[in-house]
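Worksheet: one structure, shown below.
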Amino acid sequence: SSTKERLARTGNAKHDNSAIAEVLVDALTRRTWVKEDDLAAAILLNPKQVRKALHYLEEERVVTRAHVREKDRDREARTRQRAEEHGVDEGIIMERIRNIDKKTVSYVCLNYSRIVDALNLRVGTARSELKHKIEKGPVTVLYRCTNDVATCGKRYTSLDAMRLMDMKTGMFVCQVCAQEVVQVGGGEDGAPPEPKTKEGLKAILSKFEKQIAPVQKQLERVKKMTPPQYGTLNEWTKARKRAADRSMAGAGGAGAGGRSGGLGIQYDQLEDTKFEVTLGLTQEQEAAAEAEANAPKMQPEWITRNQFEAEDGVGGKASGSGGGGGGGGG
Ligand SMILES: [Zn+2]
């Protein structure tokens, strides 16, 4: 079954999933790439429910998701603490930490340009299909005996048309009462057009245009705009790293404190592996986010804008000498 159905089923009937989707999309407009569990926590929803809804939104081409293997920092810390309490050798502690399995963590991000593309495609496809049906001609022609309904008024379809033809006059006559038969269904008789006639399809198209008008208007508006492009999680992480490096280089010497800069990213491996990164709310990352928020606005707005509410909520001190700044972002 489709995700849509699954979502409808699993979401406990009392929960409105379209409402969840709305909340999620709204929350995502104020974020870039975000860990799905963090997102769930931020909007006070069950992580499982959020994951299902995000999977649905992914299928609907609204969001992009990335699943990465990350070091389990919490477990590492627990392991170290326990071992240190028992006076275990540092070498053995390191060994144990090395043996801890990485965990799979999912990130999600709005994909603005794909949303627009998908929407344009859907609206366009629906419209051209309707137009094609109209041009192709009526699917069904309906006929009705002109005798009043109390007497006869029998209805015929195009399949009966051949039998209705009177060879002598070339007219369609009723097989029951021999009265003239006329075409209906297109609103000729004052009734609303039948859905499968040309007129009926035209009515559907005009209703469609009316309903889609607000969406169409919005699509026109964004046509001239450049959508935020966050790139892949990998690219985004690199951009963030560059921004952090630059801001730290800029603030170099100004601050005290021994914390070395960086996002806790295994930066060297980014080029080669699919994705190997340790993101998360580490102290370093908080510091980096803070530093970035205070950085001169050299990056596109979507990178520099303070949109990491959760992270920024905790005040980290940007300090220390960062690595040399990378190339331009964006
Ligand atoms: Zn008749």
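Throughout, read-outs are computed from the coordinates displayed, never taken from laboratory work. Quick caveat: nothing in here was measured; it's all calculated off a predicted structure. Every residue, glycine among them, receives a Cβ derived from its backbone with ideal geometry; neighbour counts consider all protein chains shown.
How big is segment 14-115 along each principal axis, measuring the range of its Cα positions in Å and listing the largest first?
Projected onto its principal axes, the Cα set of segment 14-115 covers 53, 30, 20 Å.
Given charges of +1 on the Cβ of Lys and Arg and -1 on the Cβ of Asp and Glu, with all other atoms neutral, how large is the dipole of segment 3-109 about its Cα centre, in debye to the nearest 20? Please list the in-between numbers first.
Details: 23 positive and 20 negative charges, 56 e Å.
Around 260 debye, computed over segment 3-109.
What is the calculated FRET efficiency for T29 to E84, with r their C-beta to C-beta distance and R₀ = 45 Å, to the nearest 0.05? Mind dumping the intermediate values first?
Details: r = 44 Å, r/R0 = 0.98.
The formula returns an efficiency of 0.55 here.
Taking a threshold of 29 Å on the Cα-Cα distance, which of the pairs K52/K217; K154/K210; K48/K102; K131/K223; K71/K241; K154/K196 fall above it? Mind dumping the intermediate values first?
Working: K52/K217 31 Å; K154/K210 35 Å; K48/K102 20 Å; K131/K223 24 Å; K71/K241 18 Å; K154/K196 19 Å.
Correct reply: K52/K217; K154/K210.
Using Cβ counts within 10 Å as a stand-in for footprinting exposure, how do T79, T157 rank, fewest first?
Working: T79 17, T157 12.
In order of increasing Cβ crowding within 10 Å: T157, T79.
Any chance you could run the full-extension gain for K103 through S128? It's 0.36 nm times the residue separation minus the Cα-Cα distance, nm to one decimal. Please list the in-between numbers first.
On the way: separation 25, 0.36 × 25 = 9.00 nm, distance 4.67 nm.
Length gained between K103 and S128: 4.3 nm.
Enumerate the calculated ³J(HN,Hα) couplings along segment 215-230 in order (Karplus 6.51 cos²θ - 1.76 cosθ + 1.60, θ = phi - 60°), each rounded to whole Hz, writing x wherever the residue is Gly or Pro.
Whole-Hz 3J(HN,Hα) from phi for segment 215-230: 5, 4, 4, 5, 4, 4, 4, 7, 4, 8, 9, 8, x, x, 10, 8.
Applying 1/(1 + (r/R0)^6) with R0 = 35 Å to the Cβ-Cβ distance of K207 and R69, what FRET efficiency is obtained, to the nearest 0.05?
0.10
Along the charge dipole of segment 101-179, Cβ charges K/R +1 and D/E -1, which of A178, N147, A161 sits furthest on the positive end?
The Cα lying farthest towards the positive end belongs to A161.
For M167 and A191, what does the FRET efficiency come to when R0 = 30 Å and r is the distance between their Cβ atoms, rounded to the nearest 0.05? Mind dumping the intermediate values first?
Working: r = 31 Å, r/R0 = 1.02.
After rounding to 0.05, the efficiency reads 0.50.
Determine the gain in length on full extension of the stretch S158-E95; use 0.36 nm per residue of separation and subtract their C-alpha separation, reporting nm with one decimal. Could you put the intermediate results ahead of the total?
Details: separation 63, 0.36 × 63 = 22.68 nm, distance 8.12 nm.
Between S158 and E95, full extension yields an extra 14.6 nm.
Determine the gain in length on full extension of the stretch K136-K48; use 0.36 nm per residue of separation and subtract their C-alpha separation, reporting nm with one decimal.
Values: separation 88, 0.36 × 88 = 31.68 nm, distance 4.74 nm.
Separation in residues times 0.36 nm, less the Cα-Cα distance, equals 26.9 nm.
Please get the size of the charge dipole for segment 140-192, origin at its Cα centre, with Cβ charges of +1 on Lys and Arg and -1 on Asp and Glu, quoted in debye to the nearest 20. Spell out each step's value before the answer.
On the way: 5 positive and 6 negative charges, 35 e Å.
Roughly 160 debye, rounded to the nearest 20.
Please arrange H86, H55 by counting, for each residue, the other beta carbons lying within 10 Å of its beta carbon, fewest first.
Details: H86 7, H55 18.
Taking fewest neighbouring Cβ atoms as first place, the list is H86, H55.
Classify segment 135-176 from the C-alpha gyration tensor, please: rounded if a/c falls under 1.5, else prolate or oblate depending on whether a/b exceeds b/c. Mind dumping the intermediate values first?
Details: a/c = 2.56, a/b = 1.30, b/c = 1.97.
Note, shape of segment 135-176 comes out oblate.
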